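Laboratory data are not the source of any read-out in this text; all were calculated from the coordinates shown. Computed from a predicted structure; not experimentally measured. Positions of Cβ are backbone-derived with ideal geometry, glycine not excepted, and every protein chain shown enters the neighbour counts.
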Amino acid sequence: MKQIIKQVFPQTIPVMAGYISLGIAFGLLLQSKGYGPIWAFLMSLFIYAGSAQFLAVELLAAGATLIQVALLTFLLNFRHLFYGLSMIEKYRGTGIRKFYLIFGLTDETYALLTGYKTPDGLRDKDYYFAVTLMNQFYWVLGCVLGSVAGSIIPFDMTGIDFAMTALFAVLVVEQWKTHKAHLPAILGFVITTAALYIFGADSFLIPALIVMSVLLLCLKDTLKQEKANE
Amino acid sequence: MNDTYIITVIAVMAMVTIALRFLPFILFDHGEQLPKWISYLGKVLPPAIMSMLLVYCLRNIKLVEGNHGLPELICVGVAMLMHFWKRNTLLSICVSTILYMIITQSVM
């Protein structure tokens, strides 16, 4: 147990920085709309999706209908559909923990688990579980902290959430070094940037994901060839 | 404050999110060999999605007005270069994040 924490914790530090600071921002915002720590706790425990929770604050304040809530959550979290595809084979043999692993598959957990290999001497399933659990722990902690004490934090935290952006930047490089075929990374960048330009910041992820997947499927033979040459 | 409303909102959001996260497993995880195209997609998507998430983090920067997104672009550049050079995750992230905090809190 101690061994697992010792080996996994360093990998999760960037997520810790990002989740705690973003969680605090969320707790503060929720508090400002009149919902206290218990709601911050329940939302981070059961919804456990950063951007959806920020959306929830707006929807609650606006008194949105449940249909609107469902539809907007679906659009916002649609990307998670694609994360599972990479985890089906990895998560085989994880037993009862699999339910929690799938439940906790956020952007950041997905990024860590596909970006890094299981540390030496650890079992895959212990590694996956530890990363997933630690990440949710940071998130719940941040959300509750922000709700309880966000306004009395003694120093200026502005900018610390950049740690999350930096984490994805680092993982792009990590993937670049691990995989010989660089076409997926380049396609991902070009298509997402184009989609952002065409559809705007609120609705570009779904078209980007669909175009990306279709193109990657069309390029299957080319990419297989590159893999064979590795 | 109406507690029933917030409880149903939380429940609906949680259920939709859980459904999206479980769906690929419900559809394709049946114990036997995965369909080849799913297995292939699962392997080539992560690098593409990592690029996507990086762009997603930067989606709100304004390239043509204000500071032109320079703090973000410079610090992402620093993180990536450092990682190409040293390949030390914590070092790359700490240096770029501290630099970002200094720039945004003082200069801009």
Averaging sequence separations of C-alpha pairs under 8 Å and six or more residues apart, then dividing by the length of chain B, give the relative contact order as a whole percent.
15 percent
Add +1 for every Lys or Arg and -1 for every Asp or Glu among the other residues with Cβ under 14 Å from the Cβ of A:Asp124, and state the total.
+4
Residue by residue through the stretch B:68-80, which ³J(HN,Hα) values in whole Hz follow from phi under the Karplus form 6.51 cos²θ - 1.76 cosθ + 1.60 (θ = phi - 60°), with glycine and proline marked x?
6, x, 4, x, 5, 5, 4, 6, 5, x, 4, 4, 5
From a point 7 Å beyond the Cα of A:Leu75 in the direction of its Cβ, which residues of the stretch A:20-61 have a backbone N at a distance under 20 Å?
A:49-61
Here the Cα Rg-to-2.2 N^0.38 Å ratio for chain A is 1.09
Cross-link table A:Lys6/B:Lys86; A:Lys180/B:Lys43; A:Lys6/A:Lys117; A:Lys177/A:Lys220; A:Lys33/B:Lys62, entries beyond 18 Å C-alpha to C-alpha:
A:Lys6/B:Lys86; A:Lys177/A:Lys220; A:Lys33/B:Lys62
State to the nearest 20 debye the size of the charge dipole of chain A about its Cα centre, where the only charges are +1 on K and R beta carbons and -1 on D and E beta carbons.
660 debye
Degrees separating the helix B:36-57 axis from the principal Cα axis of chain B, which is the longest one:
40 degrees
Principal axes of the stretch A:1-118: Cα extent on each, largest first, Å
44, 28, 23
